[in-house]
Amino acid sequence: MHTHEFDIVVVGAGGAGLMAALYASQNLPGGKVAVISKLYPTRSHTGTAQGGIGAALGNLEEDHWEWHAFDTVKGGDYLSDQNAVRVLAQEAISAVIELEHLGLPFDRNPDGTISQRRFGGHTNNKTRQPVRRACHAADRTGHMILQTLYQQCIKNQITFFDEYHVMDQLLSDDGRTAGVVAIQIGTGELHVFRSKAVIWATGGWGRVWSVTSNAHSLTGDGPAILWRRGLPLEDMEFFQFHPTGLYGLGVLITEGVRGEGGVLLNGRGERFMERYAPTIKDLASRDVISRAIYLELKAGRGIGGKPYVHLDVTPKTVNRYLAEAGDSRRIDAATIHQKLPDILDFCKTYAGVDPVEQPIPVAPTAHYAMGGIPTNVDAEVLAAADGTIVPGLYAAGEVACVSVHGANRLGTNSLTDLIVFGRIAGKKAAEYARSADLPPLPPDPSGPVQAELDRLRTCKGGTRPGEIRRRMQETMMDHVGVFRTAEGIQAALATLRDLKAAFRDDLTLDDRGYRFNTDVLEAWELGALLDVAEVTAASALARQESRGAHSREDFPKRDDERFLVHTFATLVDGEIQLNHSRPVDLSLGYQPQERVY
Amino acid sequence: MKAHFRIRRFNPETNAKPYWQDFTLDNVAPADRVLELLHRIKWEQDGTLAFRRSCAHGVCGSDAMRINGRNMLACKVLVSSLAAEGAESVTIQVEPILGLPVIKDLIVDMEPFFAHYRAVMPYFVNNDPPPADGRERRQSPEERAIFDDSTKCILCAACTTSCPSFWANGSYVGPAAIVQAHRFIFDSRDQAAEQRLDILAAPDGVWRCRTIFNCTPACPREIEVTRAIGEVKLAIQMGAERMRARKMTRGGTE
C-alpha cells in the first residue's frame, strides 16, 4: 500500500473536476492539489456533450440572466432550488467568458463575438419564443471544454493520477474528510490519499439503464461510495431520458438539431409536438418530448410500427415548416455540414443515414442524473436534510445535486453547471484547506477496499457479472424509465434485491490477476450500479406524484402540497430510509405554476 | 453471421511472450460495432481479455486498436465494413496499436504519447489582459475557420501509431502532437506560435515526417493530419503570421 498526502484531492477529471482543480490550485498558493481519475482525463464524458453551454450573453438578441433562471426553474418543474439557480444563471455569463479567455474556440458571429443557438426550453420570457442562448463550438462544445480545461491544467502543472480508480471515502472519527482510497489500475496496487478536502466530480450513472447515451464508465462510483459511508443521496428518482437517442444504440443526437430547425415526425408524418407543446413545439423540455414520443409509440404511431420516430433536419422539411411559420430563416446542406458535423458522422456511421437527405431514427435514451450527492450553493456536501455539512467534502457537476436542475434539466445547463459549480468547489475547498489540518487516518484505511477486491478476485460462484448487469439494466428500463407505476417499481426492487444477492453470493469472474484487471474493475462498478439503481427505485416509489422526469402513471399530477420537497435517501442499518423534509428554495420568487410549453 | 476473432494476447504477469487467441461468435449482425463484439467475448467467454473503452461512439478516444491491419476505434468500425456483402462469416484480427509498450492484451502504455503531446505547449497562451469591458476576445469566423480541423483531435493515438517514422524512432513527436500544436499556431488569439514552431523545428519535430500519409486515413475524426503537418512545415519556413494570412486568403484550404 502506498500513502500520499495532499491538501485537496479531486476525484474525476471531466469538466467539473478540471475546473475545480484549476481553481483549487490558483486559490491555494504553495498547496498540493491532485486529480485522480479512472480514465485519462480527455476520455471523460464531458467530451461527448454536443450542442452548447447556456449563458445569457445576449450576443444575437435580447436576453437576461433572470430569463435563464426562470426557464431553468420551469424546466425543472419547480423542484430547482432558486438560490442555486440564481448562482447558475448569473455566473454562467462570466463562466463562458472565462472559457473563451482560456482559449476555447467557440464559433463566432460576424462581429467576432461568441455565436449562440436556440435550445429546448430556453425562451424570451416576453414573447415565449425560443431564444439564442446556447454558446457553441460546432456540435462538439463539450469536447472543446474538456480539451481546453485539460490544456490549462497542463499549463498550470496540476498533478494527475491517471487510471487510478477511487473506491472509498475516508472520514475521521469526528466526521471530517480524511482522504480517499484508490486502486492503481495498471498494477492493482492500493493507494491511500490523505487530504484535507475531497471534491467529488465523477459524473453520472446512465449505465443503470439498457439504452443510454452514457459512456461505459458512468457507473455512479461517487454516489455509491458516499452512500455506503452513510451519507445521503438527493432526488435520485429524477433521471432524464433525452428524447433523441439514435435508435437502437442510444447515442445522443443533440437538441441543437432541433435548434437549427429539425422537427420530430411520427409514422404518419405528423409533427406531433404541435399537439403536446403548441407554443415551442420541438423545443419543449426534454421530459415533455420523451413522454410525447412514448405516447406516440404506444398509440401505434412509430415509424413502420417500430419503436422509434423520425428527427427530420433535411433542408426540404425544415424550410417548409419555417415558411409555414412565417420565419424568414432557411437552411441548406452547407448549414448542416457546418453546424452539425459530428451528428452527420454518427448517423452515417451507425445508422447508415445521411441527415441532409433522410430523417434520423430516434428514441428516448437514459441521459442525465438530476439527483446525486446533496450540496449547498458553496458545493459543500450535506450530511443530512437539515443542511449540516461534512467538513472538507465537496461535489460538483452531474454527480452533485445542488439542485439547479430540479426534476428535469434544460439542455446546455449541464455544461454551465460544471463550470459554475466546479469553480465554486475549487475555490471553497481551497479556503477550507488553508485553515484545516490533516485529520488522522482511520486504522487500516484501505482494509475494506482490499477485502472487496480480494473477494472479487477469488469468487467462484455461478453467475457472470454481465448477466447481472443486463438484467438490472432491463428491469430499470422497463419499470423505472420514462413512465412508472408502483407495481412496476416494486417488481424492479424485487429483481434488484435478487441481483444484489447473486452479486454478493454467487458471482464468478475469470481474471485472478492484478495488472489491468478490468474483469474485477467492471464487477466493482456493477456493485456501484446496483446500489444506485436500488436507491433510484426506492426514491421513485415514495414520490407519489408526477414532476419533470419522474412520471407516475398512477399519480399523473404534480402535487405541490405534499412534494414540493427534496427526497433524501440514506442507508441506515442496511435499510433505505427516505426523508421528505427539505423544502425547495423559492427565493427568486418563482412560485409553482402549471407548466405548458 | 459468424465472426472469427483472432486477438493478440499478452499478460506479462503470466505469459512469457505475446500469442494469438481465436474466439468465435454467433449471431453477429452487420451493424454490430467491433467494440460490442469484444464485449461479448469478454462478458460471455473470457473475462481476462483486457482493452480500454468508454464512450463507445468515437468521441473519447480510448479504444484505438489495429483491426485487420489498420488503426481504428473499435467503437467506430462496424462488422459490415469488414465483411464481404452477404457473407456468412467474417474474420476480424485485433492487435494493440504499434510503437507503444504493451501493458496487457490490447492496452498500451500511453505515457510516451502524452509526453510528446505535453512537449508542444498544447495550451492557449495570451499574456495581454482580456478586453476591458469584461467580454470575449473577438475573432472573426474566417480566423476561427483556419484551425477548425485540428480542434477535432481526441488524442486517440491512431495517427501517431500508424506512422512508420514514429515506429522507427519513438522520440519523434508524431502526428497527434503536431496537430495539437497546429490548433494553437493558427489561432489568431494565441501568442506562442513562434515558440511552438521552434520546438517543432528541432530534430525530433516535424522534419521527421516523410509525408507517408498513413496518419490521415487512420484518423477517426477525419482530420487532414498530413495537411496540418505540411502547414506547420510551411509556417516554420514562412513565419506563423504570414502562413496564417496565406491560409485566410485561401479560405482555409491550403
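The values are calculated or read from the model by the stated rules, or taken from the named source; none is laboratory data. Here the structure is a predicted model, which means the values were calculated and not measured. With ideal geometry, Cβ positions are generated from the backbone for all residues, glycine too; neighbour counts draw on all protein chains shown. To get the accessible areas, we keep the full protein, side chains included, count just its heavy atoms, and leave off ligands, DNA and RNA. Shrake-Rupley method; radii C 1.70, N 1.55, O 1.52, S 1.80 Å.
Looking across B:Phe51, B:Phe5, one residue alone is open to solvent by less than 60 Å² (accessible area, probe 1.4 Å), part of a strand (DSSP E or B), among the hydrophobic types (A, V, I, L, M, F, W, C) and on the phi < 0 side of the Ramachandran plot. It is B:Phe5. Here A:Lys126 passes the criteria (1) in a helix (DSSP H, G or I); (2) without any contact (Cβ under 8 Å) to a residue 12 or more places away in the chain; (3) out of contact with any helix residue (DSSP H, G or I) (no Cβ under 8 Å at 6 or more places or on another chain) except the one numbered (1).
Is one or more of the residues making up segment A:5-22 more than 20 Å from A:Cys153 (Cβ to Cβ), touching a residue at least 40 places away in the same chain (Cβ under 8 Å) and not aromatic (Phe, Trp, Tyr)? Before the answer, list the steps.
Applying the first criterion (more than 20 Å from A:Cys153 (Cβ to Cβ)) to segment A:5-22 yields A:5.
Those left that are additionally touching a residue at least 40 places away in the same chain (Cβ under 8 Å): A:5.
Applying the additional criterion that residues be not aromatic (Phe, Trp, Tyr) yields A:5.
Scanning segment A:5-22, I find at least one residue that is more than 20 Å from A:Cys153 (Cβ to Cβ), touching a residue at least 40 places away in the same chain (Cβ under 8 Å) and not aromatic (Phe, Trp, Tyr), so the answer is yes.
Looking at segment B:95-182, the helices (runs of 4 or more DSSP H) lying wholly inside it that each contain 2 or more residues that are modelled with pLDDT of 95 or more and away from chain A (no Cβ under 11 Å) sit at B:111-119, B:164-168.
Could you please find all residues in segment A:192-206 being open to solvent by 10 Å² or more (accessible area, probe 1.4 Å) and either under 20 Å from A:Leu441 (Cα atoms) or assigned to a strand (DSSP E or B) (or both)? Once the filter is applied, which keeps residues that are open to solvent by 10 Å² or more (accessible area, probe 1.4 Å) and either under 20 Å from A:Leu441 (Cα atoms) or assigned to a strand (DSSP E or B) (or both), segment A:192-206 yields A:Arg194, A:Lys196.
With respect to (1) in a helix (DSSP H, G or I); (2) in contact with a strand residue (DSSP E or B) (Cβ under 7 Å, 6 or more places away or on another chain), the lone exception for A:Ala69 is condition (2). The number of residues in segment B:183-225 being basic (Lys, Arg) and either assigned to a loop (DSSP other than H, G, I, E, B) or open to solvent by 40 Å² or more (accessible area, probe 1.4 Å) (or both) comes to 4.
Just to be sure, is A:Trp209 closer than 25 Å to A:Pro448 by Cα and open to solvent by less than 10 Å² (accessible area, probe 1.4 Å)? Walk me through it before giving the result.
On the way: closer than 25 Å to A:Pro448 by Cα: no; open to solvent by less than 10 Å² (accessible area, probe 1.4 Å): yes.
The answer is no for A:Trp209.
Provide a single number: the residues in segment A:261-291 that are closer than 22 Å to A:Ala325 by Cα and touching a Leu at 6+ places or on another chain (Cβ under 9 Å). Qualifying residue count, segment A:261-291: 15.
Is it the case, given these coordinates, that B:Arg40 is touching a residue at least 12 places away in the same chain (Cβ under 8 Å), open to solvent by less than 40 Å² (accessible area, probe 1.4 Å) and within 30 Å of A:Thr458 (Cβ to Cβ)?
no
Yes/no per residue for (1) hydrophobic (A, V, I, L, M, F, W, C); (2) within 9 Å of chain B (Cβ to nearest Cβ); (3) free of Cβ contacts under 8 Å to residues at least 40 places away in the same chain:
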position	(1), (2), (3)
A:Arg140	no, yes, no
A:Gln147	no, yes, no
A:Ile154	yes, yes, yes
A:Phe160	yes, no, no
A:Ile183	yes, no, no
A:Ser210	no, no, no
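Of the residues in segment B:64-81, at least one is crowded, with 21+ Cβ neighbours inside 10 Å, modelled with pLDDT of 95 or more and part of a loop (DSSP other than H, G, I, E, B). Scanning segment B:16-37 for residues being open to solvent by less than 60 Å² (accessible area, probe 1.4 Å) and within 11 Å of chain A (Cβ to nearest Cβ) gives a total of 4. Note on segment A:316-361: residues that are of a type outside the set (Asp, Glu) and farther than 20 Å from A:Ile280 by Cα amount to 26. A:Gly589 passes every criterion in (1) of a type outside the set (S, T, N, Q); (2) assigned to a loop (DSSP other than H, G, I, E, B); (3) under 24 Å from the mean Cα position of the chain (by Cα) apart from (3).
The residues of segment A:356-387 that are crowded, with 24+ Cβ neighbours inside 10 Å and not in a strand (DSSP E or B), listed by number, are A:Met370, A:Gly371, A:Ala379.
Hey, among A:Leu410, A:Leu393, A:Leu415, which residue is touching a His at 6+ places or on another chain (Cβ under 7 Å), over 25 Å from A:Phe503 (Cβ atoms) and not β-branched (Val, Ile, Thr)?
Values: A:Leu393 fails: touching a His at 6+ places or on another chain (Cβ under 7 Å); A:Leu415 fails: touching a His at 6+ places or on another chain (Cβ under 7 Å).
Only one candidate qualifies: A:Leu410.
Each row is one residue, and each column tells you yes or no for (1) within 11 Å of the chain's Cα centre (by Cα); (2) more than 24 Å from A:Asp437 (Cα to Cα).
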| residue | (1), (2) |
| --- | --- |
| A:His367 | yes, yes |
| A:Thr375 | no, no |
| A:Ile389 | no, no |
| A:Ala400 | yes, yes |
| A:Val404 | no, yes |
| A:Asn413 | yes, yes |
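Exactly one residue out of A:Ser44, A:Ser80 is over 21 Å from A:Val131 (Cβ atoms) and either within 14 Å of chain B (Cβ to nearest Cβ) or surrounded by 22 or more Cβ atoms within 10 Å (Cβ to Cβ) (or both), and it is A:Ser44. Taking interchain pairs and intrachain pairs at least six residues apart, which have beta carbon atoms under 9 angstrom, with the first residue in segment A:338-350 and facing chain B (nearest Cβ under 8 Å) and more than 19 Å from A:Ser115 (Cα to Cα) and the second open to solvent by 30 Å² or more (accessible area, probe 1.4 Å) and of a type in the set (A, V, I, L, M, F, W, C)? Filtered contacts from segment A:338-350: A:Phe346/A:Leu249; A:Tyr350/A:Leu249; A:Tyr350/B:Ala31. Only a single criterion out of (1) crowded, with 19+ Cβ neighbours inside 10 Å; (2) at the interface with chain B (Cβ under 9 Å from one of its Cβ atoms); (3) in contact with a Ser or Thr (Cβ under 6 Å, 6 or more places away or on another chain) is not satisfied by A:Leu102, namely (1). Within the bounds of segment A:510-526, is there any residue that is more than 29 Å from the chain's Cα centre (by Cα), open to solvent by 10 Å² or more (accessible area, probe 1.4 Å) and away from every other protein chain (no Cβ under 14 Å)? No, that holds for no residue.
Picking from A:Gly51, A:Gly30, which residue would you name as being modelled with pLDDT under 95 and surrounded by 24 or more Cβ atoms within 10 Å (Cβ to Cβ)? Let's see the steps before the verdict.
Values: A:Gly30 fails: surrounded by 24 or more Cβ atoms within 10 Å (Cβ to Cβ).
A:Gly51 is the lone residue from the list that is modelled with pLDDT under 95 and surrounded by 24 or more Cβ atoms within 10 Å (Cβ to Cβ).
Okay, residues lined up against (1) more than 14 Å from chain B (Cβ to nearest Cβ); (2) open to solvent by 10 Å² or more (accessible area, probe 1.4 Å); (3) under 20 Å from the mean Cα position of the chain (by Cα):
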position: A:Val96; (1), (2), (3): no, no, yes
position: A:Phe106; (1), (2), (3): no, no, no
position: A:Thr123; (1), (2), (3): yes, yes, no
position: A:Thr127; (1), (2), (3): yes, yes, no
position: A:Cys135; (1), (2), (3): no, no, yes
position: A:Gln169; (1), (2), (3): yes, no, no
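Just one residue in the set A:Leu441, A:Leu393 is within 30 Å of A:Phe238 (Cβ to Cβ) and among the hydrophobic types (A, V, I, L, M, F, W, C); that residue is A:Leu393. When you check B:Asp105 against the structure, is it open to solvent by less than 10 Å² (accessible area, probe 1.4 Å) and farther than 27 Å from A:Asp342 by Cα, yes or no? Judged against the criteria, B:Asp105 is a match. Of all residues in segment A:461-499, those that are crowded, with 18+ Cβ neighbours inside 10 Å, within 13 Å of another protein chain (Cβ to nearest Cβ) and touching a residue at least 60 places away in the same chain (Cβ under 8 Å) total 4.
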